[in-house]
Amino acid sequence: MRILEFHGCASLISTPDISCLPNLEELSCSSCVSLITIDDSIGFLSKLKILIFKYCSELKSIPPLKCTSLEKLNLSNLASIESLPPMEWLDKLKFLNIQMCRKLQTIPPLKLISLEEFFISYCCSLKSLSPTLDGLLDKLKVFRIDHCAKLKSIPPLKMASLEELYILYCIGLESLPPMVDGILDKLQIFHVEFCINLESIPPLKLASLKNLEIIRCGYLESLPPMLDRSLHNLQTLKIENCYNLKKIPPLKFPLLEELYISDCSSLKSLPSMMDASLDKLKVLFVKSIELRNIPPLKLPLLEELYILDCDSLENFPPVIDESLINLKS
């Protein structure tokens, strides 16, 4: 047997001993609402590749996992789980999803040398991540943490292969870890949204970053300096619904193609858009900002210009040297 699934077994309290299934490759327990314990034999299935526990609301613990072939682990909607099982033997694990584990308070040290995708979501009691994430997830490419309301900080992330980082709806988060060269060298996408207590963002020196989105961070008053080629590969920048944001630093992004600034009611001015610093810009979107003036525009490749609901705007921005000849809309 290669696949075993327990689904909707309402009276199942404990899984059986399955050591007699050494060739099992996929095991799933879902919607077993009375399930309390998992037999230890599951942790010794050397050929198991996929392990899924979801919608087992009474399950209190998972035994140590020594499944040396495991590639995917999904722990979802486990309302009674308070801690994760030891995972130091999972050298082949590539995908880890921890979702809706409402009593889980901390993520222990994870030394998962093959992990590529890591998702943590709707863990409303989670207060901390292991400070020893540093350097232990070298193959990680995608890290997403969202709807963890009690999480106040994120430890330094030294993930040499990380390409995408999403920090969303963590309303208790007050600070972000350092994000500079040598720590996140390959990061291409960084998205922060609805972290309403976040007051500042550390300096960003991310040579590979292409997409930066900062959305609905209500306490954020300023952005970090983004100059001196620190983000020279940036292609898309979105700053939206940051109501206390008072200033945007000069933007010097030679490859930037899309710039969106909207619903930042405390913002009174925009940075300069001349001196060849935004020569590749194709889309400029400005909405619901209390601007009286927009700085002169020298954007030779601009194709789309949107200025919406700026009620205080007195004049259309000056256009320098026919620099909007490619404008289409």
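The values are calculated or read from the model by the stated rules, or taken from the named source; none is laboratory data. As the structure is a prediction and not an experimental result, all values here were calculated from the model. Cβ atoms come from the backbone with ideal geometry, glycine included; neighbour counts cover every protein chain shown.
Here are the numbers:
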read-out: Pair list, Cβ under 8 Å, 6 or more apart: the stretch 91-110 residue farther than 14 Å from residue 144 by Cα, other residue of a type in the set (Asp, Glu); value: 92/71; 93/71; 94/71; 94/116; 94/117; 103/82; 104/82; 105/82
read-out: Residues of the stretch 279-298 classified as assigned to a loop (DSSP other than H, G, I, E, B) and at pLDDT 85 or above, total; value: 7
read-out: So residue 76, is it of a type in the set (Ser, Thr, Tyr) and either surrounded by fewer than 18 Cβ atoms within 10 Å (Cβ to Cβ) or touching a residue at least 40 places away in the same chain (Cβ under 8 Å) (or both); value: no
read-out: Positions within the stretch 38-79 being β-branched (Val, Ile, Thr) and under 16 Å from residue 5 (Cα atoms), in sequence order; value: 38, 42, 50, 52
read-out: Top-ranked residue of the stretch 213-257 - restricted to ones that are surrounded by fewer than 16 Cβ atoms within 10 Å (Cβ to Cβ) and of a type in the set (Asp, Glu), ranked as modelled with the highest pLDDT; value: 221
read-out: The stretch 275-301: number of residues that are over 30 Å from the mean Cα position of the chain (by Cα), of a type in the set (A, V, I, L, M, F, W, C) and surrounded by 15 or more Cβ atoms within 10 Å (Cβ to Cβ); value: 5
read-out: Qualifying residues in the stretch 169-188 (those that are within 23 Å of residue 257 (Cα to Cα) and buried (at least 17 other Cβ atoms within 10 Å of the Cβ)) - the one modelled with the lowest pLDDT; value: 179
read-out: Residues within the stretch 127-142 that are out of contact with any Lys or Arg (no Cβ under 6 Å at 6 or more places or on another chain), at pLDDT below 95 and of a type in the set (A, V, I, L, M, F, W, C), tallied; value: 4
